[in-house]
Amino acid sequence: MKALIISDESEVSEKLKNFFKAYGIDIISYKWLLKALDNIEEIQPDIILLSASEYPRHWKTLVQFVKSGIGGDEVKVYLYEPNPLSKEDEEKAKSLGVTGYFTSLDSQYLKSVFSFLEDISKNQIIEDYQEEEEDELPTVSAILSNFGYVLITNPIHKDFVSGKVTSFNNNRIEATLDFDLIDVSNNDIIDCVSYFNEEECYSFSAEIFILNPENKTVILTIKEKYEE
């Protein structure tokens, strides 16, 4: 999935970049709306994030252009406006087919507006994981992991909890953890994870993804290995 950000304000652009990158979205950013308009057919974005207050006249032109079909089919267009849109602009946005608008760059607020990204991210992780399972021959580490365990720090309470490893492919570990996942969210970073079995032991930081909350199965994507 590809997102196009149009804003001349670095703070707006950077916060949106960081938020969408966390979901694995490819980002293209433009400071000038007209330049983005010239290249939109080539970019073919899935989502457009446009700072409406910076371009009070031209955002309507861009939306009309996109909704005409040039630049891709079913492109989602979101307007960023720190102050609520005027009634006139809100009606205009609705008539032009704007998907929605948001008034804050707070990450929790953005999560509520772009809640569909959770499902996209989840499906992509599962697809990648299944491809690795199907396409790659098991390594020595993968075989040994049948008897392996992980010891991690709970990201909220910082206490140690253990888990049994059920599979291990490249930089992804699937494990069943011995603690309630209610305090954990997808994409949380676990600062310290230790993996061990009868043959080896090492530590790393990892990004957690909840594969099955009922049986507490997670995928731990290794981010940075620590020196032994």
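The values are calculated or read from the model by the stated rules, or taken from the named source; none is laboratory data. From a predicted model like this one, the values you see are computed outputs, not experimental measurements. Don't worry about glycine lacking a Cβ; one is built from the backbone with ideal geometry, like all the others, and counts go over all protein chains shown. All accessible areas refer to the heavy atoms of the entire protein, side chains included, with ligands and DNA or RNA removed. Shrake-Rupley method; radii C 1.70, N 1.55, O 1.52, S 1.80 Å.
Couple of notes before you dig in:
- Counting charges near Y55 (Lys, Arg +1; Asp, Glu -1) among other residues having Cβ under 14 Å from its Cβ returns a value of 0.
- Heavy-atom accessible surface of region 15-100: percent carbon and sulfur, 1.4 Å: 46 percent
- Computed from backbone phi with θ = phi - 60° and the Karplus coefficients 6.51, -1.76 and 1.60, the 3J(HN,Hα) list for region 42-54 is 6, 5, 6, x, 8, 9, 10, 10, 10, 6, 5, 5, 7 Hz; x is used for glycine and proline.
- Protection proxy ranking of 205-216, 3-14, by the mean of other Cβ atoms within 10 Å over each peptide's residues and highest first, is 3-14, 205-216.
- Per-residue extension of 0.36 nm, minus the Cα-Cα distance of C192 and L105, leaves a gain of 28.4 nm for this segment.
- Packing rank of 103-114, 43-54, where each peptide gets the mean count of other beta carbons within 10 Å, highest leading: 43-54, 103-114
- Net dipole in debye of region 45-105 [+1 Lys, Arg Cβ; -1 Asp, Glu Cβ; about Cα centre; nearest 20]: 120 debye
- Prolate/oblate/rounded label for region 1-66 (Cα gyration tensor, a/c 1.5): oblate
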